[in-house]
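Peer 1: I have a structure here, written as structure tokens, and I will follow up with some questions on it.
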Amino acid sequence: MFRVASDELNSRVPDGPLQQKWDKHRFNMKLVNPANKRKYSVIVVGTGLAGGSAAASLGELGYNVKAFCFQDSPRRAHSIAAQGGINAAKNYPNDGDSIWRLFYDTIKGGDYRAREANVYRLAQVANNIIDQCVSQGVPFAREYGGTLANRSFGGAQLSRTFYCRGQTGQQLLLGAYQALMRQVSTGRVKMFARREMLELVVSDGVARGIVVRNIENGQLEVHTADAVVLCTGGYGNVYYLSTNAKGCNVTAAWRCHRRGAYFANPCYTQIHPTCIPVSGDYQSKLTLMSESLRNDGRVWVPRNQGDRRAPGQIPEGERDYYLERRYPSFGNLAPRDISSRAAKERTDAGFGVGESGLAVYLDFRDAIVRDGEDAVRKRYGNLFHMYEKITAENPYQVPMRIYPAVHYTMGGLWVDYNLMSNLPGLYVLGEANFSDHGANRLGASALMQGLSDGYFVIPYTIGDYLASTQLPKLSDDHPACTSAKKDAEDRLKKLLAVNGRRSVDSFHRELGLLMWDYCGMARTRTGLEATIPRIRELREQFWKDVRVLGSGDTLNQSLEKAGRVADFMEFAELLAVDALHREESCGGHFREEYQTEDGEATRRDDLYSYVAGWEFQGAGNAPVLHKEPLIFENVKPSTRSYK
Amino acid sequence: MNALLRVLSLPAVFLSKIPGLAPVVRACSTSVGQKFLMAITGLSLIGFLVVHLAGNLQLFAGEAVFNAYAEKLHSLGPLLGIAEVGLFATFAAHIGLAISTASMNKLARKSSYALKETKQGLFILPAGGASSWMMVTGLLIFGFLVIHIMDLKLKKGFGVDYTAAMNADNEAVNSFQAVKAVLSHPVHAGIYFVCLIALGIHLSHGIRSALQTLGLHHKNWNFALRTLGFVMAWGIAGGFISLIVWALGSKS
Amino acid sequence: MSSDLLNLTLRVWRQAAPNQPGEFRDYRLNGVSTHMSFLEMLDVLNEQLIAQGEVPVAFDHDCREGICGMCSLMINGQAHGPDRGTTSCQLHMRRFRNGETITIEPWRADPFPVIRDLVVNRSAFDRIIQAGGFVSVNTGNAPDGNSVPVPGVRQEMAMDAAACIGCGACVAACKNASAMLFVSAKVSQLSILPQGQPERANRVLNMVAQMDKEGFGSCTNTSECEAACPAEVSVAHIARLNREYMKAMLFADH
């Protein structure tokens, strides 16, 4: 199924005490002097929190930046949909927070599968992010007196989450977008919207450019630069149904992987516990209800199997508040992976509610009685409104029905401490890389990581690379460019030429269901072993029987989707292989063979305390596994307990 | 249309040559600036209407009082002339700006929807309430203005019998009788009535809109301002209509 | 929670390319579940079209949870359909009756040219933001977040404006295709917050100038934009833009 390489991946983590690594590293890195910065060009793919903040910051420094996104405007990247908030160890509430505690919580939340140095740096710069965003005019929630407000979030026992109602991602993204637009107006950044990256240009083993398709008119364009920064998000849509936007895809990352970049830990996928359950087979996506709801909502199912009574008629004594029962100290605020699995455990055992039995209650009755409906409305009004719009039920009167759904992917392209992949010149930021969340991400940490990478890490580390590397000029008609362009072109032609019987979506749905059933919340060796050949079969069938109508030289949404699904078909296999190879349970990766008697995950640090970086060997060929051992010098991996 | 716009922009070009005014003129040439000028000229014209109505309500006090008032006005001589020129300039500016913004609005959507519905449910008038009828009512008011000047300034109203207002030299000098003659003529009364309703509609949106354009919008005051606008609009229109009713009534 | 099924006729605007004439085409769609979202209904239509060998209808969409602002449909003459405070992706088929004919058009405004079918180009909005819809603060220049207090009430007002999703429904619904609600939302947010003060005057002047340059119409204060806005941005922000503009026009140091 796979081969293990003899080498170890070098994370390039600087020496010295954890607290001083980043400072020391910043001093040791080479600088590009201000007058020379304009001589360098950088490509940024994706304009979410990571890409938007990176493109803006690099433009401010004076680099020539070209930014790309497939949406019609950079403001629409899916970071915009993040609801809950962003963490930082400001300790404004005076409740005992510190950079060290944020670092510790994040490492522990990630089930000790993240790199210490990266996570510590993340915790360090988180405070700067808040300051930067406030300065940009991001309207964070404030107390009446005018100081910044905080709320608590899953996986932490204190309040360190900054938020803008239920639209924190939107406001942070608009801040980055506005900074980006400012750079566009100065001419430092050239913005290319409605462009989809289809290939990476690699010349002499160095990433030097990209091939994009102009979605409006189908033209293929080659863009070259001195470095490529990939900020293209996660691959949750491999499951078809997820909380991701419809356009989210793995193509940019997968194309880089095919050109030599290692893909790390693809099996670490996060299933979010509080989503609106599936209502029919036409369903196109799942809607998340912010985790912040668990601050006041209580999760329960009936104590009796198959209890079909309306929730209001089930007396207190016959309700099972299973999170509070199993995890008394964290209760309803248990981390996402744990809450999701607990919901699955209850519904699998036949205690689920709703028409399908695949849902649990999230009940605000007690909060409404305690604080009044107005207070609850003030905190969650827009979320309740959204829930009611989708389900036509009033959550002030009946408990919400929720169920876990694919939400975030911790895996991604492998990067070193500088956020550079194993391909020189290719940087990977935000959800697209694997770096900071280990096997499970805590709430309000994704926004923190995206902005940390873009605002405060890449501006330093890319300068070091550019200052210390001699790069020959690369013209658009260089063989590396023309061959990449031809590959992209051939692939599009091939997709259009199949002219089979089945729509792209039907394949995507089938792939998604397969992945959800065997590679979702719980995985087994037998299930995975049976799934891999089925993925291959489906992929073959796809290339024989997909029907993509229309032409390649106009806006053609079927063609766009087909390209993305084709890559998901290849990627899915790697995800399954990674899940099969990791014979332990950790964070978002739960192997049923490895659990305690009461159903908690069993990690195997002696065997699997490493990052799995996969090298591509051709579609369908066994990939090569490169390991990066994880060394914990500052925290001692222990069994994660939220009891 | 472009030629017309160029002619209309001449005053602005002239004004922008005055030292220190250029930025203001430039700002006034934008969509927002033009709406300000619309609002200011509109409110000025309302000011005129209020004064005009206050004067005309003296018709109720009888012939002697009203004619004394008319006499007094005419005795102002050049002052009255200046006021009239100012009034016409304001009218012209208001109309010119209306044409300018309307053409801008037309250009912003050259091909329109096959189906268009409002999301606001409170309108009595079709097509989105009074705001959609500003051009139509504005044109009616303009037409009314022409007739009104013919009727009572030039005293050449079509089919009106000015005999009662004439002096020995056949000059229609008795304002009270001239007004009565015009307003009691059924066709003129009818036209006046229709145009005054149009005025009411125009003002019911115009006042509210002018206040919003000038930035008067606050949740503590919106209700009061809107009510005031509505009362003023229909107060003015109703006030003038009451004169028609009076004239028609006193004819018999 | 039981689902009813609808049989519908869809009148959909089809246009192959920006400069080609378009036309309405009627499609029958049967068995539409009332639990579907409007866009899921279009997905089903497209599956049916693909099966019949007809090129599917192109429409913009992405997050499908009402926040990205990508979806942009004129549904029976109303931007984002009949509900208030709702995007097309959050509109559900339970709002429609069995046997109904639903007319679906793209946003129509000259600054938003049609690219294909129901997809329009809204880059004019980006250019308006480029003209001044930002605070000029380079990364790394920020003082502590709590160094300038912002009263909770002011922050809430700014947030009301900042909630704009940039979908263009205000333009689509306005009889003049005016972009005032969009522009005013950003001007208002940044003029309320202390961080926006240094560039306050130039911001409003430049953004309005760009808005005009893009060819949007002027504001007639009908408030149709507010009714159509999925983020429920109030026309109070237009009034604030007007005040800001007046102040900047008369008193700014040009």
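Peer 1: When we measure straight from the Cα of B:Lys119, which lysines land under 19 angstrom away, once same-chain ones fewer than 8 places off are left out?
Peer 2: Counting by Cα, and skipping residues close in sequence, B:Lys119 has these lysines nearby: A:Lys389, C:Lys175.
Peer 1: Tell me, what is the FRET efficiency for A:Thr482 and A:Lys39 to the nearest 0.05, using R0 = 30 angstrom and their Cβ-Cβ distance as r?
Peer 2: Efficiency, rounded to the nearest 0.05: 0.75.
Peer 1: Which three semi-axes in whole Å describe the equivalent ellipsoid of region C:5-46, each the square root of 5 times a Cα gyration tensor eigenvalue, listed largest first?
Peer 2: Those come to 24, 11, 6 Å.
Peer 1: To the nearest 0.05, how large is the calculated FRET efficiency for B:Phe142 and A:Tyr396 if R₀ is 51 Å and r is the Cβ-Cβ distance? Walk me through the intermediate numbers first.
Peer 2: Working: r = 55 Å, r/R0 = 1.07.
After rounding to 0.05, the efficiency reads 0.40.
Peer 1: Please compute the alpha carbon radius of gyration of chain A, then divide it by the globular-protein estimate 2.2 N^0.38 Å. Two decimals is fine.
Peer 2: Working: Rg = 23.6 Å, N = 643, 2.2 N^0.38 = 25.7 Å.
Output field value: 0.92.
Peer 1: Give me the percent of the accessible area of region A:288-338 that comes from carbon and sulfur atoms, probe 1.4 Å, all protein chains in place.
Peer 2: Details: 920 of 1890 Å².
After summing per-atom areas, the C and S share lands at 49 percent.
Peer 1: What FRET efficiency, computed as 1/(1 + (r/R0)^6) with R0 = 35 Å and r the Cβ-Cβ distance, is obtained for B:Leu10 and B:Ser250, rounded to the nearest 0.05?
Peer 2: Working: r = 48 Å, r/R0 = 1.36.
Efficiency computed from Cβ-Cβ geometry: 0.15.
Peer 1: What order do you get for B:54-60, A:501-507 when each peptide is scored by the mean count of other beta carbon atoms within 10 Å, highest first?
Peer 2: Numbers: B:54-60: 14.7, A:501-507: 20.3.
Order by mean packing, descending: A:501-507, B:54-60.
Peer 1: A:Ser98 to A:Asp553: extension gain in nm, 0.36 nm per residue of separation minus the Cα-Cα distance?
Peer 2: 158.3 nm
Peer 1: In angstroms, what radius of gyration and Dmax does region A:360-418 have, counting Cα atoms only?
Peer 2: Both quantities, over Cα of region A:360-418: 17.1, 51 Å.
Peer 1: Do any of A:Lys485/A:Lys561; A:Lys285/A:Lys544; B:Lys17/C:Lys213; A:Lys494/A:Lys544 go past 21 Å between their Cα atoms, and which?
Peer 2: Values: A:Lys485/A:Lys561 19 Å; A:Lys285/A:Lys544 27 Å; B:Lys17/C:Lys213 23 Å; A:Lys494/A:Lys544 10 Å.
Over 21 Å Cα-Cα: A:Lys285/A:Lys544; B:Lys17/C:Lys213.
Peer 1: Quick check: pseudo-label points 7 Å beyond the Cα along Cα→Cβ at A:Val635 and B:Ala168, how many nm apart are they?
Peer 2: Taking the simple label geometry, A:Val635 and B:Ala168 are separated by 11.3 nm.
Peer 1: Here's a follow-up. To make sure I understand the rule: partners must be lysines, Cα under 19 Å from the Cα of B:Lys180, and not fewer than 8 residues away in the same chain. Which ones qualify?
Peer 2: B:Lys153, B:Lys155, B:Lys156, B:Lys251
Peer 1: Something else: What ranking of B:Val85, A:Val624, C:Val44 comes out by heavy-atom accessible area, probe 1.4 Å, highest first? Write out the running numbers ahead of the final one.
Peer 2: Working: B:Val85 100, A:Val624 5, C:Val44 50 Å².
So the residues, ranked largest to smallest area, are B:Val85, C:Val44, A:Val624.
Peer 1: Give me the one-decimal nm value for the distance between modelled label points at A:Asp490 and B:Leu57, 7 Å along each residue's Cα-to-Cβ direction.
Peer 2: 8.9 nm
Peer 1: Where both partners of a DSSP beta bridge lie in the protein assembly as shown, what percent of those bridges are antiparallel, to the nearest 5?
Peer 2: Working: 62 of 89 bridges.
Antiparallel bridges make up about 70 percent of those DSSP assigns within the protein assembly as shown.
Peer 1: Could you tell me, in Å, what Rg and Dmax come out for the Cα atoms of region B:91-186?
Peer 2: That works out to 20.6, 64 Å for Rg and Dmax.
Peer 1: I'd like the per residue volume of the convex hull spanned by the Cα atoms of region B:128-231, given in cubic angstrom.
Peer 2: Numbers: hull volume 12.4 nm³, N = 104.
Given the Cα convex hull of region B:128-231, per-residue volume reads 120 Å³.
Peer 1: Keeping all protein chains in place, calculate the accessible area per residue for chain A (probe 1.4 angstrom), answer in Å². Working shown, then result.
Peer 2: Details: 21040 Å² over 643 residues.
Per-residue accessible area for chain A comes out at 33 Å².
Peer 1: Going by average Cβ density within 10 Å per residue, which order do the peptides A:42-49, B:110-117, A:104-111, B:216-223 take, highest to lowest? Let's see the in-between values first.
Peer 2: Working: A:42-49: 31.6, B:110-117: 14.4, A:104-111: 24.1, B:216-223: 12.5.
Most protected by this proxy first, the peptides run A:42-49, A:104-111, B:110-117, B:216-223.
Peer 1: Which order, highest average first, do B:181-194, C:208-221, A:162-175, C:85-98 follow once you tally other Cβ atoms within 10 Å for each residue and take the mean per peptide? Could the numbers behind the result be given before it?
Peer 2: Numbers: B:181-194: 18.2, C:208-221: 23.8, A:162-175: 26.9, C:85-98: 20.1.
Ranking the peptides B:181-194, C:208-221, A:162-175, C:85-98 by packing returns A:162-175, C:208-221, C:85-98, B:181-194.
Peer 1: Now a separate question. Taking a spot 7 Å from the Cα of A:Gln19 along the direction of its beta carbon, which residues of region A:91-133 have an amide N less than 11 Å from it?
Peer 2: A:99-100
Peer 1: Still on this structure, I have one more. Can you tell me the relative contact order of chain C? Whole percent, Cα pairs under 8 Å, sequence separation 6 or more.
Peer 2: Values: 453 pairs, mean separation 48.9, N = 254.
Result for chain C is 19 percent.
Peer 1: For labels at B:Leu21 and A:Leu538 in the simple 7 Å Cα→Cβ model, what's the distance in nm?
Peer 2: 7.3 nm
Peer 1: Would you mind telling me the antiparallel percentage of the DSSP bridges in chain A, rounded to 5?
Peer 2: Details: 45 of 67 bridges.
Here the antiparallel bridges make up roughly 65 percent for chain A.
Peer 1: Give me D for region A:272-406 in µm² s⁻¹, whole number, from Stokes-Einstein with Rh from the Kirkwood sum over alpha-carbon pairs, 20 °C and 1.002 mPa s.
Peer 2: Working: Rh = 14.9 Å.
It comes out at roughly 144 µm²/s.
Peer 1: Could you tell me the ratio Rg/Rh of chain C? Both radii from Cα atoms, Rh via Kirkwood. Mind dumping the intermediate values first?
Peer 2: Details: Rg = 20.5 Å, Rh = 19.7 Å.
Rounded to two decimals, Rg over Rh is 1.04.
Peer 1: Counting partner chain Cβ atoms within 10 Å of every residue's Cβ in A:287-298, what's the average?
Peer 2: On the way: counts 7, 1, 0, 0, 0, 0, 0, 0, 0, 0, 0, 0.
Across A:287-298, the average partner-chain Cβ count within 10 Å equals 1.
Peer 1: What does the buried accessible surface come to for C and B, summed over both chains, with the probe at 1.4 Å? Round to 100 Å².
Peer 2: The summed interface area works out to 3700 Å².
Peer 1: Over the Cα atoms of region C:122-251, what Rg and Dmax result, in angstrom?
Peer 2: Taking only Cα atoms of region C:122-251, I get Rg and Dmax of 14.5, 45 Å.
Peer 1: Also, quick follow-up: In terms of Cα to Cα distance under 21 Å, which lysines are near enough to A:Lys39, apart from those fewer than 8 places away along the same chain?
Peer 2: A:Lys30, A:Lys66, A:Lys190, A:Lys473
Peer 1: Run the paramagnetic zone check for A:Lys30: 7 angstrom along Cα to Cβ, then residues of region A:445-465 with backbone nitrogen under 13 Å.
Peer 2: Of the residues in region A:445-465, A:462-465 have backbone N under 13 Å from the label point off A:Lys30.
Peer 1: Taking only C-alpha pairs under 8 Å that are 6+ residues apart, what is the relative contact order of region C:5-115 in percent? Could you put the intermediate results ahead of the total?
Peer 2: Details: 191 pairs, mean separation 36.3, N = 111.
Taking the mean separation of contacting Cα pairs over the length of region C:5-115, I get 33 percent.
Peer 1: Per-residue mean of other chain beta-carbon atoms within 10 angstrom of the beta-carbon, peptide A:550-558? Walk me through the numbers on the way to the answer.
Peer 2: Values: counts 6, 2, 0, 1, 7, 9, 4, 11, 5.
The per-residue average across the peptide is 5.
Peer 1: Just to confirm a number: summing +1 for Lys and Arg and -1 for Asp and Glu over residues other than A:Arg303 whose beta-carbon lies under 9 angstrom from that of A:Arg303, what do you get? Present the calculation step by step, with values, prior to reporting the outcome.
Peer 2: Working: positive: A:Arg319; negative: A:Asp307, A:Glu318, A:Asp320.
Neighbourhood net charge equals -2.
Peer 1: A further question follows. How many percent of Cα pairs in the protein assembly as shown exceed 40 Å?
Peer 2: Numbers: 329963 of 659526 pairs.
Every Cα pair in the protein assembly as shown considered, those over 40 Å come to 50 percent.
Peer 1: Roll a 1.4 Å probe over the protein heavy atoms and report the accessible area of A:Asp348 in Å², nearest 10.
Peer 2: Approximately 100 Å² of A:Asp348 is accessible to the 1.4 Å probe.
Peer 1: Below 8 Å between Cα atoms, with a sequence gap of 6+, how large is the relative contact order for region A:150-234 in percent?
Peer 2: 15 percent
Peer 1: While we're here: Taking beta carbons within 10 Å but only from partner chains, what does the mean come to for residues C:45-57? Please report the intermediate quantities before stating the final value.
Peer 2: Working: counts 0, 5, 6, 1, 2, 10, 5, 1, 3, 2, 8, 8, 1.
The shielding value for this peptide is 4.
The values are calculated or read from the model by the stated rules, or taken from the named source; none is laboratory data. Note that the coordinates shown come from a computational prediction; the quantities given were computed from them, not determined experimentally. As a convention, Cβ positions derive from the backbone with ideal geometry for all residues, glycine included, and neighbour counts pool all protein chains shown. For accessibility, only protein heavy atoms count, side chains too; no ligands or nucleic acids. Shrake-Rupley method; radii C 1.70, N 1.55, O 1.52, S 1.80 Å.
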